[in-house]
Ligand SMILES: [Zn+2]
Ligand SMILES: [Zn+2]
């Protein structure tokens, strides 16, 4: 399967500010030596040598992750503002059939849907899944005056809603999928997706509790031995303590959780909107250090960044 991040920011879109862009340019210019600008080649080499947080950005769009099977089946997890970019730059399925699975219906996970071109095409069709019985109402209600000028009825007529039960095994094309309820205001659901023996887990908007580490619980079905886990790690520990019951986790707990469930690769996700690229990079470094400190088992830690493609 192929996994692509179209939106990784939590809570609200967070575009780069002019000051942040100026600071990046100033920091890059400070590093230049005359040799670096001698030729096109040396310029390219210099740019490639810059740290990722300086020569790129984690991205400001809210959650949207696309998973494509070997045979081309498409799953879209959440419809944050990242789904607008998916509509512009992504490759629609050849049969124009798509599946959207929602973790929950907080704004940052649905606000991109009215800006997703593909869903207005009368020839396209959608299956929409979640454990929330009223999901159709929730999506319709964000598209009413005075909040938005176009109603849900302007979308393709070929939309079918499917209410799924937690832990129920469903099949979509080549994928086998199960979800489990997690601790978050109003609840959220984490999804395990398997194809060809590989397991990917999408777990956003999760405030981890002790119960989530229980090996005899239903969490094992979804999390145990996943190859890749995308997990809410919005806060530092200090911030998580101040923001108890806000529904998000500290990156250290995300590492503890990944080690507990023998996860191979962890992608930190749902980044705090007030953290800039430099801060997120320092969180990544601390997370890697913490991972090495607490265990000899290998857990690879990465930042989920907009535009990143992972093959599994
Ligand atoms: Zn969220
Ligand atoms: Zn939420």
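Nothing in this text is a laboratory measurement; each read-out follows from the coordinates by a stated rule. Worth saying up front: this structure is predicted, and the values here are computed from it rather than measured. Heads up, the Cβs are rebuilt from the backbone with ideal geometry, glycines too, and the neighbour counts pull from every protein chain shown.
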Subject >> Within the chain, helix-based [θ] at 222 nm, where runs of 4 or more DSSP H residues each add -39,500 (n - 2.57), nearest 500 >> reply: -7500 deg cm²/dmol
Original post:
Rounded to the nearest 5, what is the percent of antiparallel bridges among the DSSP beta bridges in the stretch 9-147?
Top reply: 35 percent
Original post:
Is the stretch 68-174 best put as rounded, prolate or oblate by its Cα gyration tensor, with a ≥ b ≥ c the root eigenvalues, rounded for a/c under 1.5, and otherwise prolate when a/b is larger than b/c, oblate when not?
Top reply: oblate
Original post:
If you build the Cα gyration tensor of the stretch 46-102 and take the root of 5 times each eigenvalue, what three semi-axes come out, in whole angstrom, biggest first?
Top reply: 28, 14, 10
Original post:
Say R0 is 22 Å: what FRET efficiency, to the nearest 0.05, do residue 32 and residue 285 get from their beta-carbon distance?
Top reply: 0.35
**OP:** Kindly list the residues of the stretch 88-116 that lie in the label zone of residue 141, defined by a backbone N under 20 Å from the point 7 Å along the Cα-to-C-beta vector.
**Re:** 101-115
Subject >> Prolate/oblate/rounded call for the chain, Cα gyration tensor, a/c under 1.5 rounded >> reply: oblate
**OP:** Could you work out how far the C-alpha centroid of the stretch 103-177 sits from that of the stretch 5-76, in angstrom?
**Re:** 30 Å
Original post:
Mean separation of Cα pairs under 8 Å and 6+ residues apart, divided by the residue count of the chain: what relative contact order is that in percent?
Top reply: 19 percent
**OP:** Compute the convex hull volume of the Cα atoms of the stretch 154-200, divide it by the residue count, and report the result per residue in Å³ as a whole number.
**Re:** 121 Å³
**OP:** Please give the peptides 283-293, 198-208, 37-47, 125-135 ranked by average Cβ packing (other Cβ atoms within 10 Å per residue), highest first, as a rough proxy for protection.
**Re:** 198-208, 125-135, 283-293, 37-47
Original post:
Residue separation times 0.36 nm, minus the C-alpha to C-alpha distance between residue 239 and residue 22: what's the value?
Top reply: 75.3 nm
Original post:
Considering only DSSP beta bridges whose two residues both sit in the chain, what percent are antiparallel, to the nearest 5?
Top reply: 50 percent
